[in-house]
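Q: Below you'll find the structure I mean.
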Amino acid sequence: MADVQQNLEAAQPGANTNIFVYKHKAAAAPTGWQPFDPAENGATDISNDLKAEFRIDLVMGPIVAGEFRQQPGSAVLSWPFTEHAFLFEGSVEITDLATGEKAAYGPGDGWIVKQGSRTLWNVLQPIRKSFFQHTE
């Protein structure tokens, strides 16, 4: 994500924290959220009104981890990183544009998407997910 270190300094709750806890059905942390810019993150907003934000909790070299939330909307995404994510709230469909394979995810589901993949990202109900990203 763009300007990761700057966002980390602005967003990280407790810089001395070694363990970050994300609980299913718990409220998201109230502070540190930054607007998500689709263009800076390999995405093309096809719903023309994508509303999303993220919070970065950890940066370790090529690894970034935190939380992301988005209102319903769609985007074509060329993944600039490999991501493992876990969905706490809402529903999203991810379609692999290379194969046409489509999967729907709800609370408690997770996925891994490889860097360089092109997908259609369709949020059906407002989502909140944790993410762990690695950029090669």
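Q: Please go through (1) assigned to a strand (DSSP E or B); (2) in contact with a helix residue (DSSP H, G or I) (Cβ under 6 Å, 6 or more places away or on another chain) for L50 and return the number of the only condition it doesn't satisfy.
A: Going through the list (1) assigned to a strand (DSSP E or B); (2) in contact with a helix residue (DSSP H, G or I) (Cβ under 6 Å, 6 or more places away or on another chain), L50 breaks only (1).
Q: What number of residues within the stretch 117-136 are under 19 Å from G61 (Cα atoms) and not in a strand (DSSP E or B)?
A: In the first step, residues of the stretch 117-136 are kept if they are under 19 Å from G61 (Cα atoms); the result is 130-136.
Narrowing the set further to residues that are not in a strand (DSSP E or B) leaves 135-136.
Number of matching residues: 2.
Q: Now, a different point. Looking at the stretch 57-87, which of its residues are more than 23 Å from L124 (Cα to Cα), surrounded by 17 or more Cβ atoms within 10 Å (Cβ to Cβ) and over 13 Å from the mean Cα position of the chain (by Cα)?
A: V59
Q: Which of the residues spanning the stretch 106-136 are surrounded by 13 or more Cβ atoms within 10 Å (Cβ to Cβ) and among the acidic types (D, E)?
A: D109
Q: Something else about it: State all residues of the stretch 88-130 that are over 12 Å from the mean Cα position of the chain (by Cα), farther than 20 Å from A28 by Cα and among the hydrophobic types (A, V, I, L, M, F, W, C); if no residue qualifies, say none.
A: Answer for the stretch 88-130, where residues must be over 12 Å from the mean Cα position of the chain (by Cα), farther than 20 Å from A28 by Cα and among the hydrophobic types (A, V, I, L, M, F, W, C): I94, L97, A98, A103, A104, L120.
Every read-out reported here was derived from the displayed coordinates using simple, explicitly stated rules and does not represent laboratory data. Small disclaimer: the values here were computed from a predicted structure and weren't measured. No Cβ is skipped: glycine too gets one built from the backbone with ideal geometry, and neighbour counts run over all protein chains shown.
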